[in-house]
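What follows is a single structure, written as structure tokens, with notes after it.
What follows is calculated from the coordinates using simple rules that are stated; it is not laboratory data. Source: prediction; values computed, not measured. Note that each Cβ is placed from the backbone with ideal geometry, even for glycine, and that neighbours are counted across all protein chains shown.
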């Protein structure tokens, strides 16, 4: 449908908490399609509605060929710990180490209002949690680990 501008760090919309989707309509479907088109155009792994200025709990993630529509997400279980580098389409040219759970159990809805529950590990879990953070007004730079601290943990 449309490739939309991605909001950049400093835009107050990125710090606002998104509202739950209450009705699954054609607008919801259009939002999902626009998020997918914009994510693909920017060559990202995920995109939250807040990143295009829409304050709804909607995100998309595509990892290992699996495209996920994530509406009103809730992480019901978290397990393990994984530290890896992250980047963000809203914060170009900046990467950093972030600690996240290794695996999660997600409950969410697709564009048709169908509820699903699924477990994710590794990069998929990381990408989903990154997008859920966006919906809560949190950016990966808020969670970055100082590499010097990490070196101290290892020694």
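Counting only strands (runs of 3 or more DSSP E) that sit completely within region 88-152, those holding 1 or more residues that are exposed (fewer than 15 other Cβ atoms within 10 Å of the Cβ) and out of contact with any strand residue (DSSP E or B) (no Cβ under 6 Å at 6 or more places or on another chain) correspond to 91-100, 115-121. Surrounded by fewer than 17 Cβ atoms within 10 Å (Cβ to Cβ) and either in contact (Cβ under 8 Å) with a residue 12 or more places away in the chain or touching a helix residue (DSSP H, G or I) at 6+ places or on another chain (Cβ under 6 Å) (or both): is that true of residue 51 in this structure? It is false that residue 51 is surrounded by fewer than 17 Cβ atoms within 10 Å (Cβ to Cβ) and either in contact (Cβ under 8 Å) with a residue 12 or more places away in the chain or touching a helix residue (DSSP H, G or I) at 6+ places or on another chain (Cβ under 6 Å) (or both).
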